[in-house]
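Okay, structure first, notes after.
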Amino acid sequence: MSAATPAAGATPRRVLVFGGATALGAQAVTRFAAGGWDVVSLDFYDSSSEDVFESVDFMVSSSLHSSVVTARLATAFLRPGGMLTFTGSVAALSPQPKLLAFAVGHAAVHQLVRSLAAAVGVDLPDGVTVVGVVPEVLDTAMHRQLNRGRADDNWTSCNVVAEKLFAWAEGGGGTRPPNGALVSVTSTMVAEGQQEHAFRLINTPSYVQTAEY
C-alpha cells in the first residue's frame with residue numbers, strides 16, 4: 001500500500017491499495033475511504049481458483065510480485081513525505097519446512113522493504129517512509145477455513161491493522177515507525193472477547209558475524 005500525505009490546503013489525499021480485494025486490503029480501502037481519502041484499489045490475480053493456493057507461483061506472485069509492482073508505482077506517483085507499506089509475515093523469520101513457498105515469498109518482501117528504504121531521496125521522493133507490517137496471524141476467511149472455521153485467540157482482525165495504517169498515514173512522520181522498519185503485529189486475549197494488540201519494531205541487523213569456520 002502507498003499513501004501520499006500532502007500539505008494542508010493541497011490537493012486531496014490519495015492512497016493506492018494493491019490487493020484491495022484481499023481481507024486486509026478491503027479493510028484498508030474501507031478505513032481510508034471513511035477517513036476522506038481518495039482510494040484506488042488494484043488487483044491482478046484471481047484468488048478464486050482452487051488450484052492457485054496449491055501453486056508456489058501464486059505464493060510468490062501474491063506477495064513478492066505484487067510488492068514489486070507497488071514499489072514501481074510508488075517511484076512514479078508517490079509524493080514527498082508519503083508512506084509505502086508492505087505486508088510480510090512472522091513465518092518468514094524462522095524455519096518453515098511446511099510453509100516453504102509462503103515463507104520464501106514473504107522473506108523477499110522483508111528484504112524489499114529494507115532495500116526501498118535505502119532508495120528514499122534517490123528513486124523514491126524525499127521524506128517517504130517505507131514500512132513492512134509483519135502480522136503473526138491475520139483473522140481472514142482463508143485462515144478460518146484452514147482452522148476448522150474459527151479464529152484462535154492470538155489472531156489479529158484486519159480492521160485493527162487498517163486502523164493503524166490509517167493513523168500512520170494521517171499523522172505523518174512523527175507517528176510512523178522509522179524508515180525501513182519491520183513492525184510485528186501481535187494480539188493477546190486478555191478477557192472474554194477482549195484482545196490487546198501490539199505493534200513492535202523487529203530487530204533486523206543487516207550483517208551479524210558470530211563463530212568462525
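Derivation of every value follows stated rules applied to the coordinates shown; laboratory data play no part. For clarity, every value in this text was computed on a predicted model and none was experimentally measured. Counting neighbours? That spans all protein chains shown, and the Cβs are built from the backbone with ideal geometry, glycine included.
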Checklist outcome for this item: Projected area averaged over all directions for the convex hull of the alpha carbon atoms of segment 2-201, nm², comes out at 11.5 nm²
Checklist entry - Between segment 150-199 and segment 81-100, how many Å separate their Cα centres? => result 15 Å
Checklist entry - Expressed as a rounded percentage, what relative contact order does the chain have, with Cα pairs under 8 Å and six or more residues apart? => result 19 percent
Checklist entry - According to a simple spin-label model (label point 7 Å from Cα along Cα-to-Cβ), what is the distance in nm between ALA34 and GLU170? => result 1.0 nm
Checklist entry - Quick one: of the DSSP bridges fully inside segment 2-201, what percent are antiparallel, nearest 5? => result 40 percent
Checklist outcome for this item: FRET efficiency (ARG150, ALA101; Cβ distance; R0 41 Å; to 0.05) is 0.95
Checklist entry - Per-residue ellipticity at 222 nm for the chain, helices alone: DSSP H runs ≥ 4 residues times -39500 (n - 2.57), over residue total, nearest 500 deg cm²/dmol? => result -9500 deg cm²/dmol
